[in-house]
Amino acid sequence: MNQAESSLQAVLNQLAEQHRLRRLKTIEQPKAAEITFNHHRVVNFCSNDYLGFSQHPALIEASQKALVEYGVGTGGARLIGGTYDLHTQLEQQLVVFKQTEAALVFNSGYQANVGILSALVNRHDVIFADRLNHASLLDGALLSRARLVRYPHNDVEALENLLKRTQTSGQRFIVTDTVFSMDGDLAPLKALYHLATRYDAWLILDEAHATGVFGETHRSGLWETTGLGHQPQVIQVGTFSKALGSFGAYVAASQAVIDTLIQFSRSFIYSTALPPPVVAANLAAIELLQQDASHTQQLWGNIYEFARLAKGAGLSPETNSAIIPILVGDESKTLALTDQFLAAGFYVQGIRPPTVPEGTARLRVTLSTKHSFEQIEKLVQALSHFVYQR
Ligand SMILES: *Cc1c(COP(=O)(O)O)cnc(C)c1O
């Protein structure tokens, strides 16, 4: 080992001592809610594929058809020969789905957030960001070089004080997840919107975990539930990679915002366009979601069943969305619990700092339409046994 490698190894050793070393787990043969690790079959309770769309026949068929008709790749960035009719159709469909003026497809949620913030925000502006926002929003904020003000999680009053106190010659941006990815709780969107209006700020919403899960009519996310519809100062980001089962992301906003992103968003401009089979799957996912409420209803059926059983077992996890955090606190204990659950037939991922704040290591349970009531019942029994009666 040379000296450079030794210094890397020292950092890795330190992480291992702190129980923070991250390791990849390889899944074999995913089949509905069941997956295999080292030939050991377990029920997957950590996937973001909330509606089971990753293996839905309609998406697979659309994807196969596009694969045969268009091939595996686009051969260029969106502005240089990479925009196919499929991308344009998807953007037109997103406008209907999200009820906005315009929409733009990005290659991933990470790229969308980094690309939007760095394109729309500059160093004279101020970003007000929830403390528990997704890392990609934080990275986009840093890249924009704007002043970054982080407010306590979901604390509207604290945010208002910060908005009052913070003077700027530039613009203000309030940025939040709508469903928080590690806590599963919901941002107070109406209150945030009123603050944005009162303090002349933009409101950027990340609907990654809400798309397909919230919204009565289109099931397009938490913003839909406010009934406020298209608002020029609201910019909605979402992904195709969670409930929609595939890959990629979108931004839905006013035409002026979308046109600006096409000019200045570097992660949009300097990256090859999404492959046709992926775009076709995304089109099929939105179609399915809009035509048929049963997938989302079934997910909520599972969430309510989990809540009912947990309550019956004397547990009180918060069940605001498909993401249910089980707070443990200690990092080595969290790791040990993940292993115990695996041995008992459940894949429940432990989440440690720096992904979550210090002292809040947890198990992150996610529910999906793929789970049966019986699987959920067994999980609740295991939670009650391993976590709450230690
Ligand atoms: C997963 C996630 C992203 C990143 O999306 P990808 O498509 O996986 O890159 C962005 N924001 C939030 C809130 C997420 O949970």
Alpha-carbon centroid distance for the pair region 228-288 / region 109-152, whole angstrom: 18
Surface per residue (accessible, 1.4 Å probe) for region 267-390, Å²: 42
Once both label points are put 7 Å beyond Cα along the C-beta direction, the Thr166-Ile80 separation in nm becomes 3.6
Equivalent ellipsoid semi-axes - Cα gyration tensor, region 27-80, angstrom: 30, 13, 12
Counting pairs of Cα atoms in region 33-157, how many percent are more than 27 Å apart? 45
Can you find, among Ala32, Val95, Gln3, the residue farthest towards the positive end of the dipole of the chain? Put +1 on the C-beta of Lys and Arg, -1 on that of Asp and Glu. Gln3
With Rg and the Kirkwood Rh both taken from Cα atoms, where does Rg over Rh land for region 1-104? 1.15
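Quote the FRET efficiency, to the nearest 0.05, computed for Asn320 versus Val68 with a Förster distance R0 of 51 Å and r equal to the Cβ-Cβ distance.
The pair Asn320/Val68 has a calculated efficiency of 0.75.
For n ≥ 4 DSSP H runs only, could you compute -39500 (n - 2.57) per run for the chain, divide by its residues and tell me the 222 nm figure to the nearest 500? It would help to have the intermediate numbers written out before the result.
Details: 13 runs with 161 residues, N = 390.
Per the formula, -13000 deg cm²/dmol.
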How big is the Kirkwood radius of region 147-242, worked out from every pair of different alpha carbons and given in Å to one decimal? 13.9
Taking 20 Å as the cut-off for C-alpha to C-alpha distance, list the pairs among Lys31/Lys370; Lys25/Lys378; Lys65/Lys98; Lys242/Lys370; Lys311/Lys378; Lys190/Lys242 that go past it. Lys25/Lys378; Lys65/Lys98; Lys190/Lys242
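Antiparallel DSSP bridges in the chain: what percent, to the nearest 5?
If we restrict to bridges inside the chain, about 55 percent are antiparallel.
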Using the Karplus equation 6.51 cos²θ - 1.76 cosθ + 1.60 (θ = phi - 60°), what ³J(HN,Hα) coupling, rounded to whole Hz, does each residue of region 36-49 give in order, writing x for Gly and Pro? 10, 10, 6, 6, 9, 7, 9, 8, 7, 10, 9, 7, 8, 7
Using a probe radius of 1.4 Å on heavy atoms only, what accessible surface per residue do you get for region 1-131? Whole Å² is fine. 56
Given just the C-alpha atoms of the chain, how large is their convex hull per residue in cubic angstrom? 166
Find the centroid of the Cα atoms in region 29-62 and in region 314-390, then give the distance between the two in whole Å. 19
Leaving out ligands, DNA and RNA, and with a 1.4 Å probe, what % of the accessible surface on region 212-268 is carbon or sulfur? 54
Long-range amide H contacts for Met182: which residues qualify at under 5 Å (H placed 1.01 Å from N, peptide plane, sequence gap of 5 or more or a different chain)? none
Accessible area per residue in Å² at 1.4 Å probe, computed on region 148-261: 35
Carbon/sulfur fraction of accessible area - region 125-193, other protein chains in place, 1.4 Å, %: 48
With the label point 7 Å along the Cα-to-beta-carbon line of Arg22 and a cut-off under 17 Å to each amide N, the hits in region 35-66 are 46-48
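In what sequence, highest mean first, do 31-44, 135-148, 97-110 appear when ranked by Cβ atoms within 10 angstrom? Show your work: numbers first, answer last.
On the way: 31-44: 15.3, 135-148: 19.4, 97-110: 22.1.
Descending packing order for the listed peptides: 97-110, 135-148, 31-44.
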Taking the Cα atoms of region 287-349, what is the range of coordinates along each of the three principal axes, in descending order and whole Å? 45, 26, 20
Listed peptides 243-255, 149-161, 345-357 by packing density, highest first (mean Cβ within 10 Å): 243-255, 345-357, 149-161
Accessible area of region 23-66 belonging to carbon and sulfur atoms, whole % at 1.4 Å probe: 53
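The values are calculated or read from the model by the stated rules, or taken from the named source; none is laboratory data. Computed from a predicted structure; not experimentally measured. Positions of Cβ are backbone-derived with ideal geometry, glycine not excepted, and every protein chain shown enters the neighbour counts. The protein model used for the area step is the full one, side chains on, heavy atoms only, and it has no ligands, DNA or RNA in it. Shrake-Rupley method; radii C 1.70, N 1.55, O 1.52, S 1.80 Å.
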